[in-house]
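Down below is the structure, laid out as structure tokens.
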Amino acid sequence: MNKTLKPYQNLIIFIVPLLIIGMMLLISKSPIFASNPNSLSTGITFDLLLIVPLVYFLLIRKTNIPKTTIIPFVIIGMVVCSLILPVENQYYLNFFKTWVLPIIELSIISFVIYNVRKGIKRYKLTKSKSFDFFSTLKSTCYEILPKAIVILVVTEIAVFYYGFIYWKKRKLNHYGLKVHRFGFVT
């Protein structure tokens with residue numbers, strides 16, 4: 001069940017994880033952290049790498065916000081953890097970077113490849129209906145991508161397509177027009 005968000009709900013979704021990150025920053029700078037750096041470093045690491053993305057996921061699970069937006073919170077947590085924790089207390093952070101982060105990266109790459117392949121299949125299906133690359137690409141992207149970024153993505157792909165790939169001259173049919181260039185000789 002997807003529901004539309006009101007502006008204040010959208011703000012709450014992003015403020016709650018940022019408040020947790022802020023609390024972890026305050027804890028790392030407190031005198032309590034100086035007296036117990038080992039145990040608090042472990043807690044801060046788990047909070048920033050697991051709890052913040054989990055809380056964000058729980059806040060967006062019934063909304064139209066894509067679930068892939070969890071990844072920036074994982075990366076933010078990892079960067080903040082690297083900056084605020086002493087190097088000698090980054091055992092779990094290094095474990096995360098070594099074992100969990102590559103799995104996340106491979107999942108993202110697989111997701112992108114899957115969507116590109118799905119887009120290519122849809123493009124081939126709609127290509128027979130329309131002979132214009134731009135129109136076909138736009139209709140394909142409207143089915144796959146969020147509507148807010150379709151025109152941006154289609155325009156970028158079309159610039160590369162027409163600029164680098166589609167260089168050959170087209171054969172003109174009976175109704176085709178030919179454009180001539182006029183140059184000035186100096």
Residues of segment 102-120 satisfying the condition of being surrounded by 11 or more Cβ atoms within 10 Å (Cβ to Cβ) and among the charged types (D, E, K, R): GLU105, LYS118
Condition first: part of a helix (DSSP H, G or I), of a type in the set (Gly, Ala, Ser) and surrounded by 11 or more Cβ atoms within 10 Å (Cβ to Cβ). Now tell me which residues in segment 3-38 satisfy that. GLY22, SER28
Out of (1) at pLDDT 65 or above; (2) in contact with a Ser or Thr (Cβ under 8 Å, 6 or more places away or on another chain), the odd one out for SER130 is which? (1)
Subset of segment 79-101 [over 20 Å from ASN36 (Cα atoms) and surrounded by 14 or more Cβ atoms within 10 Å (Cβ to Cβ)]: PHE96, LYS97, VAL100, LEU101
Restricting attention to segment 127-142, does a residue exist that is under 21 Å from the mean Cα position of the chain (by Cα), surrounded by fewer than 15 Cβ atoms within 10 Å (Cβ to Cβ), assigned to a helix (DSSP H, G or I) and of a type outside the set (Ser, Thr, Tyr)? no
Which listed residue is modelled with pLDDT under 95 and touching a helix residue (DSSP H, G or I) at 6+ places or on another chain (Cβ under 9 Å), from ILE51, ILE71, ILE76: ILE71
Could you list all residues from segment 84-97 that are over 12 Å from SER41 (Cα atoms) and not basic (Lys, Arg)? ASN94, PHE95, PHE96
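Quick test for you: out of VAL159, VAL100, pick the one residue that is modelled with pLDDT of 70 or more, in the same structural domain as GLY77 (by TED's automatic domain parsing) and part of a helix (DSSP H, G or I).
VAL100
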State which residue pairs qualify: first residue farther than 15 Å from LEU25 by Cα and inside segment 78-95, second residue β-branched (Val, Ile, Thr) and exposed (fewer than 13 other Cβ atoms within 10 Å of the Cβ) in any location, beta carbons under 8 Å apart, and separation of 6 or more residues or different chains. none
Filter result for PHE57 (at pLDDT below 95 and either among the charged types (D, E, K, R) or assigned to a helix (DSSP H, G or I) (or both)): no
Please pick out the residue among ILE65, ILE44 that is part of a helix (DSSP H, G or I) and surrounded by 12 or more Cβ atoms within 10 Å (Cβ to Cβ). ILE44
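The values are calculated or read from the model by the stated rules, or taken from the named source; none is laboratory data. The model shown is predicted, which means the values in this text are computed figures rather than measured ones. Cβ: placed from backbone, ideal geometry, glycine included. Neighbour counts: every protein chain shown.
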